[in-house]
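Written out below as structure tokens is the structure these notes cover.
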Amino acid sequence: MERVRADSSPTELRKHLFYETSHSPSLADLVGYEKAKDIIDFCFIANPYYPTREMLEDLKENFPNLIKSYPSSSSITSQSNLAAVLHVNPDHLIIGNGATELIVLINTTLIERIAVPVPTFGEYIEKLKDQRDAELFTLRPEENYKLDLTAYLAWVHQRGLKALLVINPGNPTGQLFSLDEMIEFLERAKDMELVIVDESFIDFAGDTIPSLLQVAEQFSNLLLVRSMSKHCGVPGLRLGYCYSGNLYALMFAGSMTRCERLRGLRYILREPISFCSKLKAA
Ligand SMILES: Cc1ncc(COP(=O)(O)O)c(C=O)c1O
């Protein structure tokens, strides 16, 4: 991409900002690394208190080791470490290079048609095999783009869709559904094959984080997506994960790649019973 001059006019910057999607082009692409350090990116919320100075020092000290050694090709260690922090079963986690990588995998392996409330984080639509596979539930400016979960689910049912997305808190609105509201919604959405709940901003939502992680085992069609870019303040490290409480997903833990595990998840979400009997027979 052609570099934009730091003294470009607002109109010129707008043109460059919007001809690619989501976080592309990056600030560094736009104005260069040096200048990017002095600019506040209002495109997303990042925790200003993380990483702490001590953490950065630690990273700096270990950086030569990090870049001079191969990382493990198995994600078991990182899964266990993350699971210990989240108090969840490590085998239910799939770690990715940012939530975006996982969204791309989900979109290309799990989705045939999906309901998406808009406006929203563009990757859920743009990274589908065919953008027409997204059925758009349009939020209205006169209602401050508020999502009504009951109306949304009724619309999803009416259109015969089997997969849907909820981002909680919403991007770009910040609209937050409580844990009780989400549980009630999931109870009513049990006939869906796949319910994706993106909780990338949930860590900003209160001292007690109202995440569905703690109840995910109760909903076999639930796939949680969480970015670590925002609350850990490290978008450059590209860290994110998916979590499914689906017991059958456990059987896919281990040697499979993320892509294979997601493909497996698609199969078991749809056909848990035949999958299980095949597994028993094997
Ligand atoms: C709702 C939502 N999900 C996921 C992402 C992607 O996060 P990551 O930086 O982990 O790829 C974003 C990024 O802005 C987002 O807004």
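Worth pointing out:
- Any hit, the range 70-86, residues being part of a loop (DSSP other than H, G, I, E, B), at pLDDT 90 or above and more than 16 Å from the ligand (Cβ to nearest atom): no
- Within the range 229-243, considering residues that are buried (at least 21 other Cβ atoms within 10 Å of the Cβ) and of a type outside the set (G, A, S), the one farthest from the ligand (Cβ to nearest atom): Y243
- Among the residues of this structure, E217 counts as one that is acidic (D, E) and surrounded by fewer than 23 Cβ atoms within 10 Å (Cβ to Cβ).
- Residue check for T150: closer than 30 Å to T208 by Cα and either touching a helix residue (DSSP H, G or I) at 6+ places or on another chain (Cβ under 8 Å) or at pLDDT 95 or above (or both): yes
- Test: residue in the range 156-178 that is of a type in the set (A, V, I, L, M), part of a helix (DSSP H, G or I) and farther than 22 Å from H92 by Cβ: yes
- Qualifying residue in the range 15-34 (condition: at pLDDT below 70, outside any loop (DSSP other than H, G, I, E, B) and surrounded by 13 or more Cβ atoms within 10 Å (Cβ to Cβ)): yes
- Counted residues, the range 123-133 - those being surrounded by 14 or more Cβ atoms within 10 Å (Cβ to Cβ) and either more than 22 Å from R188 (Cβ to Cβ) or away from the ligand (no atom under 15 Å from the Cβ) (or both): 6
- The number of residues in the range 158-189 that are out of contact with any Asp or Glu (no Cβ under 8 Å at 6 or more places or on another chain), more than 16 Å from the ligand (Cβ to nearest atom) and within 18 Å of Y243 (Cβ to Cβ) comes to 5.
The values are calculated or read from the model by the stated rules, or taken from the named source; none is laboratory data. What you see is a predicted model; the values in this text were computed from it and never measured. Cβ sites come from the backbone with ideal geometry, for glycine too, and all protein chains shown count toward neighbours.
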